[in-house]
Amino acid sequence: MVKEKRHWFLPGPLDEEPNDLPPGPRAEPPDTAVIEDWAKAESVQAARLARVAGRLGALDDRLLRGPEGWRHRLALIEAANLSWFAGDRVSSDRLALWISMRLSGAQDDPNALARVGWAVRRLTGGPGPVADLAAFLDRRDPESIEDSAERFEGRAGGWLDVMTAAAELHPITRACMGFHLWSLAGLGQHGDQIEAAVTASRIAACDEGGAVFAPLAMGGARGLRFSGLPTERLARWLDGMNSAILTAMRTLDDIEAWTGRAENVMAQLSGRTPLALRRTFSQWPLVSAPMAEATTGASRAAVQRNLAWMEASGLIREVTGQGRFRMWKATG
């Protein structure tokens, strides 16, 4: 066989040419590649996920059949717990005064109150984050922004693209993944932990009708820690959510029992103020006299008279131990 002649000025075959070029940058994996890791984590935690999903379904059914005030009460408790997880440390009484009457003390951080107030609003209703994340977060790009600056709209769009691509994952798994991808997507800022947790809690409950959000922090925030592989993170997430749901169910048990007892004890009272006060105490973990006036529409004298009667009857107890700015809670 005659060997084919090759001209000296033509390059030889590629496999004969030495590769003297430095190695180039490796191609980055697509954003959606992370979904595979979370799909594997979901398969590993399938049994635990099924149990937690069942408990969330039971909470959803309970809230669907219960009064609207129950959702509000759970949202206040969850938001207060999230504030401690994020370092804002807004107590339940300060949160109650801020939400009901926009009252704050000199020692209160107005930015922290605004963040927790936002959390309460998003945990009690409204469109979810997937419909319009910017509107959900109350964050928009400024009208004047440098061309070189990274836009929030682009970062939010990238995060939503990954969440949309993960549609086959269970909502609870997808919520956990979205929470852990939040900072990586460039959505972090001061208070971003509360934003990320509230967004995830709404996504986890997206298929529910009574539970607007899935509790994450009211049983302790250990499920929100950032460490480990997706399988470990999902396991902690499920354990934390399970504890939070059980806490929520016990809270509803207690307030339902209190409402029944209060109806029997207060049956002898006439007028609309007793009924309105019972509803207020079922909605709010802590109640002050000015709050009761604002929520019931009753006069100060009527509110104070009925609060004193309820305290004397053992239905409520004062928790601040002060002569002024007192607050009461329903007794167990």
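Quick look at the numbers
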| item | result |
| --- | --- |
| Flag for R94 being open to solvent by 20 Å² or more (accessible area, probe 1.4 Å) and assigned to a helix (DSSP H, G or I) | yes |
| Cβ pairs under 7 Å, 6+ apart, first in region 201-224 and at positive phi, second open to solvent by less than 10 Å² (accessible area, probe 1.4 Å) | G220/G240 |
| Residue check for N264: exposed (fewer than 14 other Cβ atoms within 10 Å of the Cβ), on the phi < 0 side of the Ramachandran plot and at pLDDT 95 or above | yes |
| Residue count, region 53-91 (criterion: within 16 Å of the chain's Cα centre (by Cα) and among the hydroxyl-bearing types (S, T, Y)) | 1 |
| Test: residue in region 284-291 that is out of contact with any strand residue (DSSP E or B) (no Cβ under 8 Å at 6 or more places or on another chain) and more than 14 Å from D93 (Cβ to Cβ) | no |
| Condition check for A134: open to solvent by 50 Å² or more (accessible area, probe 1.4 Å), at pLDDT 85 or above, over 26 Å from S282 (Cβ atoms) and not in a loop (DSSP other than H, G, I, E, B) | no |
| Residue match in region 183-192 (condition: open to solvent by less than 10 Å² (accessible area, probe 1.4 Å) and under 22 Å from G157 (Cα atoms)) | yes |
| Region 301-332: number of residues that are in a strand (DSSP E or B) and farther than 20 Å from S270 by Cα | 6 |
| Residue match in region 61-71 (condition: closer than 23 Å to A134 by Cα and either in a helix (DSSP H, G or I) or open to solvent by 30 Å² or more (accessible area, probe 1.4 Å) (or both)) | no |
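Let's see how each residue does on (1) over 19 Å from T331 (Cβ atoms); (2) at pLDDT below 95; (3) surrounded by fewer than 18 Cβ atoms within 10 Å (Cβ to Cβ):
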residue: F281; (1), (2), (3): no, no, no
residue: S288; (1), (2), (3): no, yes, no
residue: M291; (1), (2), (3): no, yes, no
residue: A294; (1), (2), (3): yes, yes, yes
residue: G297; (1), (2), (3): yes, yes, yes
residue: A302; (1), (2), (3): yes, no, no
residue: A308; (1), (2), (3): no, no, yes
residue: G314; (1), (2), (3): no, no, yes
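The values are calculated or read from the model by the stated rules, or taken from the named source; none is laboratory data. Quick caveat: nothing in here was measured; it's all calculated off a predicted structure. In this analysis, Cβ positions are derived from the backbone assuming ideal geometry, glycine residues included, and neighbour counts consider all displayed protein chains. The accessibility values were calculated without ligands, DNA or RNA, using every heavy atom of the protein model including side chains. Shrake-Rupley method; radii C 1.70, N 1.55, O 1.52, S 1.80 Å.
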